[in-house]
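J.: Before I ask anything, here is the structure I am working with.
The values are calculated or read from the model by the stated rules, or taken from the named source; none is laboratory data. These numbers come from a predicted model, not from an experiment. Cβ placement follows ideal geometry from the backbone for every residue including glycine, while neighbour counts extend to all protein chains displayed. Just so you know, the surface numbers come from the protein's heavy atoms only, side chains and all, with ligands and any DNA or RNA stripped out. Shrake-Rupley method; radii C 1.70, N 1.55, O 1.52, S 1.80 Å.
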2 protein chains.
Amino acid sequence: MNAISHSEENYLKTVFHLGADGKQAVATNAIARSMKTKPSSVTDMMQRLGEKGLVNYRKYRGVSLTEAGKRAALSIIRKHRLWEVFLVEKLNFSWDEVHDVAEQLEHIKSEKLVDLLDQHLGFPQYDPHGDPIPGKDGNYPSREKQLLSQLPVNTKGICIGVKDSSASFLKYLDKNRISLGDKIHILEREDFDNSLLVTVADTEMRVSHQIAANLYLKIL
Amino acid sequence: MNAISHSEENYLKTVFHLGADGKQAVATNAIARSMKTKPSSVTDMMQRLGEKGLVNYRKYRGVSLTEAGKRAALSIIRKHRLWEVFLVEKLNFSWDEVHDVAEQLEHIKSEKLVDLLDQHLGFPQYDPHGDPIPGKDGNYPSREKQLLSQLPVNTKGICIGVKDSSASFLKYLDKNRISLGDKIHILEREDFDNSLLVTVADTEMRVSHQIAANLYLKIL
DNA sequence: AAATAAATTTAGACAAATCTAAAAATATGT
DNA sequence: ACATATTTTTAGATTTGTCTAAATTTATTT
Ligand SMILES: [Mn+2]
Ligand SMILES: [Mn+2]
Ligand SMILES: [Mn+2]
Ligand SMILES: [Mn+2]
């Protein structure tokens, strides 16, 4: 009776992400910008999701997810990230190529498929971009992490994730031999342009503010 | 420019199967029956597919696939069967559970995904039901095979496929320990009900005409 | 506090995919 | 060959998801 459509799923996921993991309300325009649709389409959809009890919609005031909406969003994100792990670990996709395919695979409906995929992958905790994989029961582990750009000189940490996961950024990291799991040591900050001198897995290099502002570290 | 929709793909596949693998024309009613839609919906869709150059549509005369339509159908069937192999071989689905999931997975659009999946599976030739997997280039190998019900007493063969691949038939075969690859020897035919006395992998058993009419053998 | 700007919603249109009911064409039986 | 049955198509409606243009509400600036 109340099946959630492909399109509705995409909207729910966007509301979740834009609203700080389902905690804040989100503006119509923000959703439209993020999904490359028009604000009027968003309004339409939010009214429908409101009627289905998946979002709290108040005219002109933005939307937030209901508990049911949050559960639905987490289930889609779980599938998205499990498929990303599959693509990278089993099929040898590179981490910059998986997003569009996972964007499709996340909509496949079969609980058994998700469970067996999870098992096949050894119950992974994080996706290839360092993002946590929501549990079957809907629990969403959050990890201690800080942007490289916000840490003081002399900090040591492990690179555990990316904020921007666009193909161009990920390819840049590949080219410069920066990978998740690498140990990073901040040697020096350049006041002029906020660039950093760091060692990444013991190799010294300079990273721009742009880069540093998109890399998450776990402090050691 | 002319992307083929989810729904159009399902129709193309049905026309392919009902028309003896794209060789014959197919009636509107046959398509509607097979897809559980109404004949009027089929007419609509066939007119659209006709305009797209994927079928030859002549009012009241049924439809056949064009070369482009055949290519599209084979590509979907290739994906469907590769995913079925994946589900059974890698995720341990049983062969009676894979169809509905593959029905969704076959619509995922990514050439790279299909190529890498094919490689990951070791370039399988047949799906879990014994059906051949079309090649990347669109070639469709056909296999010498005959229905068990149509073979004379004393024939020996290998069970290589099923005609009916409904869950109920497949579960029946599991229960009776009949699997693809088993050696079958026809010992006796009962004239009264056309049932057969056979050995399956050296175990003697009686199979009804219903069963025999849905099992394909390769004669030894 | 008006005036102006920005964000949001509404109204109306459209394409895709489906349906029901009615009309038209084709096939079948006597 | 004619009447009847069957198949197929057309006409018109509905739902989903989108759009543009206009109206409305909220926010910002002077
Ligand atoms: Mn998606
Ligand atoms: Mn990811
Ligand atoms: Mn399908
Ligand atoms: Mn199959």
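J.: Could you work out Rg/(2.2 N^0.38 Å) for segment A:6-65, with Rg from alpha carbons only?
T.: Values: Rg = 9.8 Å, N = 60, 2.2 N^0.38 = 10.4 Å.
So segment A:6-65 has a normalised radius of gyration of 0.94.
J.: Now for a separate question. If you wrap a convex hull around the Cα atoms of segment A:1-148, how much volume per residue is inside, in Å³?
T.: Details: hull volume 18.7 nm³, N = 148.
Taking only Cα atoms, segment A:1-148 has a hull volume of 126 Å³ per residue.
J.: Nearest 20 debye, what's the magnitude of the dipole of segment A:61-181 about its Cα centre given +1 on Lys and Arg Cβ and -1 on Asp and Glu Cβ?
T.: 300 debye
J.: Enter the buried accessible area of the A/B pair, total of both sides, probe 1.4 Å, in Å² rounded to the nearest 100.
T.: Details: alone 12370 and 12370 Å², together 23140 Å².
Using a 1.4 Å probe, the pair buries roughly 1600 Å².
J.: Another one. Between the label point of A:Asn2 and that of the same position in each other copy, find the distances and list them shortest first in nm, with every label point placed 7 Å from Cα along the Cα-to-C-beta direction.
T.: A:Asn2 label point versus its equivalents elsewhere: 4.3 nm.
J.: Compute the helix-to-body angle for B:6-18: its Cα long axis versus the longest principal axis of chain B, expressed 0 to 90° and rounded to tens.
T.: 50 degrees
J.: 7 Å from Cα along Cα→Cβ at both A:Asn56 and B:Ser41: what's the point-to-point distance in nm?
T.: 3.9 nm
J.: Using only Cα atoms and rounding to the nearest 10 degrees, what angle (0 to 90) does helix B:111-120 make with the longest principal axis of chain B?
T.: It works out to around 20 degrees.
J.: Give me the dipole magnitude in Debye, nearest 20, for the protein assembly as shown about the Cα centre, with unit charges on the beta carbon: positive for Lys and Arg, negative for Asp and Glu. Write down the numbers at each step before the final one.
T.: Values: 60 positive and 58 negative charges, 249 e Å.
Its charge dipole is roughly 1200 debye.
J.: Per residue, how many Å² of accessible area does segment A:66-183 show with a 1.4 Å probe? Before the final figure, lay out the partial values.
T.: Values: 5570 Å² over 118 residues.
I get 47 Å² per residue for this part.
J.: Under the Kirkwood approximation for Rh and a Cα-based Rg, what ratio Rg/Rh is obtained for segment A:146-219?
T.: Details: Rg = 10.9 Å, Rh = 11.9 Å.
My calculation puts Rg/Rh at 0.91.
J.: Tell me, what is the FRET efficiency for B:Gln24 and A:Arg177 to the nearest 0.05, using R0 = 56 angstrom and their Cβ-Cβ distance as r? Walk me through the numbers before you get to the answer.
T.: Working: r = 58 Å, r/R0 = 1.04.
For R0 = 56 Å, the calculated efficiency reads 0.45.
J.: May I pose another question? Would you kindly work out, in nm and rounded to one decimal, the distances from the label point of A:Asp202 to those of the same position in each other copy, ordered shortest first, with label points 7 Å along Cα-to-Cβ?
T.: 6.0
J.: Where Rh denotes the Kirkwood radius from the mean inverse Cα pair distance, what is Rg over Rh for the protein assembly as shown?
T.: Details: Rg = 27.3 Å, Rh = 25.6 Å.
Using Cα coordinates only, the ratio equals 1.07.
J.: Identify, among B:Leu196, B:Leu173, B:His185, the residue whose Cα sits farthest towards the positive end of the charge dipole of segment B:146-219, taking +1 on the Cβ of Lys and Arg and -1 on the Cβ of Asp and Glu, with the dipole about the Cα centre.
T.: Result: B:Leu173.
J.: Taking GluC sites (Glu not before Pro) as exposed when DSSP calls them loop (any state but H, G, I, E, B) and at most 12 other Cβ atoms lie within 10 Å, what is the longest stretch of chain A free of them, the sites themselves excluded?
T.: Details: sites that count: A:Glu144, A:Glu190.
Of all site-free stretches, the longest is A:1-143.
J.: Could I ask something else about it? Considering only DSSP states other than H, G, I, E and B, which trypsin sites (Lys or Arg not before Pro) in segment B:165-220 qualify as loop sites with at most 14 other Cβ atoms within 10 Å?
T.: Details: sites: B:Lys171, B:Lys175, B:Arg177, B:Lys183, B:Arg189, B:Arg206, B:Lys218; in loops: B:Arg177.
Those satisfying the criteria are B:Arg177.
J.: Measuring from centroid to centroid over Cα atoms, what is the spacing of segment B:202-220 and segment A:78-137 in Å?
T.: Value for the Cα centre distance between the two parts: 41 Å.
J.: What's the angle, to the nearest 10 degrees (0 to 90), between helix A:67-89's Cα axis and the longest principal axis of chain A?
T.: Here the helix axis deviates by roughly 50 degrees.
J.: If you don't mind, there's one more thing I want to ask. Rounded to the nearest 5, what % of DSSP beta bridges with both residues in chain B are antiparallel? It would help to have the intermediate numbers written out before the result.
T.: Values: 25 of 25 bridges.
Counting DSSP beta bridges with both partners in chain B, the antiparallel share is about 100 percent.
J.: Provide an ascending nm list, one decimal, of label-point separations from B:Gly53 to the equivalent residue in each further copy; define each label point as 7 Å from Cα along Cα→Cβ.
T.: Relative to the other copies, B:Gly53 has label-point distances of 5.0 nm.
J.: Rounded if a/c is under 1.5, else prolate if a/b beats b/c, else oblate: with a ≥ b ≥ c from the C-alpha gyration tensor eigenvalues square-rooted, which is segment A:93-220? All intermediate terms of the calculation are to be shown ahead of the outcome.
T.: On the way: a/c = 2.69, a/b = 2.05, b/c = 1.31.
Since a/c reaches 1.5 and a/b is larger than b/c, the shape of segment A:93-220 is classed as prolate.
J.: Now, a different point. If you put +1 on each Lys and Arg Cβ and -1 on each Asp and Glu Cβ, how big is the dipole of segment A:78-131 around its Cα centre, in Debye rounded to 20?
T.: Working: 6 positive and 12 negative charges, 54 e Å.
For this selection, approximately 260 debye.
J.: Answer with one residue from A:Val101, A:Leu74, A:Ile4: the one whose Cα lies farthest towards the positive end of the charge dipole of chain A, charges on Cβ with Lys, Arg +1 and Asp, Glu -1.
T.: Value computed over the given set: A:Ile4.
J.: Continuing with the same structure: What net charge is computed for the residues neighbouring A:Ser195, neighbours being all others with C-beta under 15 Å from the C-beta of A:Ser195, Lys and Arg scored +1, Asp and Glu -1?
T.: On the way: positive: A:Arg189, A:Arg206; negative: A:Glu188, A:Glu190, A:Asp191, A:Asp193, A:Glu204.
Taking every other residue near A:Ser195 into account, the sum is -3.
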